Amino acid sequence: MPPVPRSYLQIASVSKVFFGENGRPDYEALRDVSLGIDQGEFVSIIGHSGCGKSTLLNIIAGLELPTSGHVTVDGQRVKEPGPERGIVFQNHSLLPWLTVMDNIVLAIRTVFPELSQAEIKRRATHHLEMVGLASHLHKKPAEISGGMKQRVGIARAFAINPKVLLLDEPFGALDALTRAVMQDDLMTLWESERKTVIMITHDVDEAIYLSDRIILMSNGPAAKIGEIVPVTLERPRSREELLEQPEYDRLRKHLLLYLASKGEHRRPRTVKPA
């Protein structure tokens, strides 16, 4: 029998225990989490606070090491941070003394020192244009809005051409209108480049709008994957048309009911589309 092909990003039996100052186990954040994610797939992770979402994302990023299990990307085991895994936090993390353009140029030059200055500038300009910031290239972070700063952060993450893009509630601090605009910007970039994306969010509508699959985590401690929910709505998606589709209502109710149950431990399962 031929071997079963592995997913592009493989989370294999990952557990994470944090230890106290005395060296004894203090808190078990994750227990035996396994998940395969295909190349070019957009996956969202939802769960209550304390369910290990950010811990799992940090392990994928290489910022934390699992207590047991491992993560591989394109067959390579993750042991430390690397440019093949771009990450965008809720805080934009821009350097305040550099312009919008220079923040992105610095990132590209660091990852691709062999590129010419002209190519670096072209790549930076292209990604800033993709998020609608072509007229703000020479402004510093203090001169633009919070939503614009997040756009710069996302453009910077795409500009370094990572294999996997990790998003930790990137729009959580934004108002509803700005958040919707940012979701559309992210969708446009993803449709253009088809990166493998893993996003943490508390927003059910955001997850449905953007994702191919939604991972529902059980409550911590010792959080696990509770359910895996496929999103079969056709792409490209229109927000207005989405609201009129019965499948959207079904998915939304299912996710809200799961969260209302407080993500109690249950046997992991994949929910079949209607």
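Determine, yes or no, whether Asn161 is assigned to a helix (DSSP H, G or I) and either without any contact (Cβ under 8 Å) to a residue 12 or more places away in the chain or not hydroxyl-bearing (Ser, Thr, Tyr) (or both).
Criteria not met by Asn161.
In the range 171-180, how many are assigned to a helix (DSSP H, G or I) and surrounded by fewer than 15 Cβ atoms within 10 Å (Cβ to Cβ)?
Selection size over the range 171-180: 2.
Are any residues in the range 16-26 surrounded by fewer than 18 Cβ atoms within 10 Å (Cβ to Cβ) and either in contact (Cβ under 8 Å) with a residue 24 or more places away in the chain or under 20 Å from Arg85 (Cα atoms) (or both), and if so, which ones?
Correct list: Val17 only.
Quick one: count up the residues across the range 184-239 that are within 18 Å of Ser34 (Cα to Cα), surrounded by fewer than 18 Cβ atoms within 10 Å (Cβ to Cβ) and aliphatic (A, V, I, L, M).
So the answer is 2.
To keep it simple, each residue is scored yes or no on (1) among the small types (Gly, Ala, Ser); (2) under 17 Å from the mean Cα position of the chain (by Cα); (3) in the same structural domain as Glu169 (by TED's automatic domain parsing).
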site	(1), (2), (3)
Phe19	no, no, yes
Gln76	no, no, yes
His92	no, yes, no
Asn103	no, no, no
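Which is hydrophobic (A, V, I, L, M, F, W, C), touching a residue at least 24 places away in the same chain (Cβ under 8 Å) and under 14 Å from Thr196 (Cα atoms), of Ala61, Ala29?
Within the list Ala61, Ala29, the selection yields Ala61.
State which residue is farthest from the chain's Cα centre (by Cα) when the search covers only the range 213-230 and only residues that are farther than 16 Å from Pro66 by Cα and of a type in the set (D, E, K, R).
Glu227
Would you please name the residue that is farthest from Ile59 (Cα to Cα), looking only at residues in the range 187-209 that are touching a strand residue (DSSP E or B) at 6+ places or on another chain (Cβ under 6 Å) and aliphatic (A, V, I, L, M)?
If we take residues in the range 187-209 being touching a strand residue (DSSP E or B) at 6+ places or on another chain (Cβ under 6 Å) and aliphatic (A, V, I, L, M), then Ala207 is farthest from Ile59 (Cα to Cα).
The values are calculated or read from the model by the stated rules, or taken from the named source; none is laboratory data. Only a predicted model underlies this, so the values are computations on that prediction, with no experimental measurement involved. Neighbour counts run over all protein chains shown; Cβ positions are idealised from the backbone, glycine included.
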